[in-house]
Amino acid sequence: MTSRDSQVWDAQAATFDDEPDHGLHDPLVRDAWRSLLRSLLPPMPARVADLGCGTGTLSLLLAEDGYAVDGVDFSPEMVRRATAKVGSFPGTTFTVGDVAAPALDQAAYDVVLCRHVLWALPAPADVLDHWLRLLVPDGRLVLVEGSWSTGAGLTSAETVALVEGAGLAAETRQLDDPAYWGRPISDERYVVVGRRLA
């Protein structure tokens, strides 16, 4: 990502949480995401790297549940807002950095979580290799992605192929319930969980 990309996202930060699935202001949408994360993540205590954390909304849900969260985003304004939203929780940090190769401790995370970012990164297979180095041996990738009506994104088959190409077993769950998005959707939205093969 370039500095210009960072400026674009800085400019969007003020209104980023206006989208129902970004700000999670609607209790029904918020509860849907909280339940989803609880079903995908290991029990506490666990440490999560939230890559492309944006304004920190998912980080907040995790911190409220007692997870230790390290968020990374390349937009300084997003990180500022995430810190203001979540920074008071113990064990939670936010830093400006390259989410494709984050400067985080290796072999230190139970979960690498990324929502709606992998599709936009160049060389996603290389990105996954970097992210796997962050995980403890039994850690997991949790990738929320989509193939949107705009033509952007990754299909679930493409994401599964990337995860399996990284040497992981992949499990897919479609996220077509309007509760996640605050409205009905007509495109493909899903989560892929990747775990190391036994």
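The values are calculated or read from the model by the stated rules, or taken from the named source; none is laboratory data. As the structure is a computational prediction, the values presented were derived from the model and not from experiment. Methodologically, a virtual Cβ is constructed for each residue, glycine included, from the backbone with ideal geometry; neighbour enumeration extends over all protein chains shown.
Do the conditions hold for L128, that is, is it crowded, with 23+ Cβ neighbours inside 10 Å, of a type in the set (A, V, I, L, M, F, W, C) and more than 22 Å from W33 (Cβ to Cβ)?
yes
Close Cβ contacts (under 6 Å, 6 or more residues apart or on different chains) running from residues in segment 21-32 that are within 17 Å of Y190 (Cα to Cα) and in contact (Cβ under 8 Å) with a residue 60 or more places away in the chain to residues that are in a helix (DSSP H, G or I) and of a type in the set (A, V, I, L, M) comprise A32/A179. Taking residues in segment 142-170 that are at pLDDT below 95, and partners anywhere that are part of a loop (DSSP other than H, G, I, E, B), the pairs with Cβ atoms closer than 8 Å and at least 6 places apart or on different chains are W148/D187; S149/S186; S149/D187.
Within segment 91-118, residues that are of a type in the set (F, W, Y) have Cβ atoms under 9 Å from residues that are part of a loop (DSSP other than H, G, I, E, B) in these pairs: F94/C53; F94/G56; F94/G87; Y109/A46; Y109/L134, counting only partners at least 6 apart in sequence or on another chain. Residue under question is A179, and the condition is that it be over 16 Å from R140 (Cβ atoms), free of Cβ contacts under 8 Å to residues at least 60 places away in the same chain, in a helix (DSSP H, G or I) and of a type in the set (A, V, I, L, M); does it hold? So A179 does not fit the description; no.
For segment 37-52, filtering for residues that are in a strand (DSSP E or B) and either surrounded by fewer than 16 Cβ atoms within 10 Å (Cβ to Cβ) or basic (K, R) (or both) leaves 1.
For segment 114-123, the count of residues that are farther than 17 Å from A100 by Cβ and hydrophobic (A, V, I, L, M, F, W, C) is zero.
Results for (1) within 15 Å of V192 (Cβ to Cβ); (2) small (G, A, S); (3) touching a Leu at 6+ places or on another chain (Cβ under 7 Å); (4) not in a strand (DSSP E or B), shown as yes or no for each residue.
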{"residue": "F94", "(1), (2), (3), (4)": "no, no, no, no"}
{"residue": "A100", "(1), (2), (3), (4)": "no, yes, yes, yes"}
{"residue": "A103", "(1), (2), (3), (4)": "no, yes, no, yes"}
{"residue": "Q106", "(1), (2), (3), (4)": "no, no, yes, yes"}
{"residue": "V112", "(1), (2), (3), (4)": "yes, no, yes, no"}
{"residue": "W119", "(1), (2), (3), (4)": "yes, no, yes, yes"}
{"residue": "V127", "(1), (2), (3), (4)": "yes, no, yes, yes"}
{"residue": "W131", "(1), (2), (3), (4)": "yes, no, yes, yes"}
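Identify all residues within segment 53-71 that are surrounded by fewer than 24 Cβ atoms within 10 Å (Cβ to Cβ) and under 16 Å from D98 (Cα atoms); write none if there are none. Passing the criteria: only D70.
What about D26, is it at pLDDT 75 or above, surrounded by 13 or more Cβ atoms within 10 Å (Cβ to Cβ), closer than 17 Å to V144 by Cβ and among the acidic types (D, E)? No: the conditions fail for D26.
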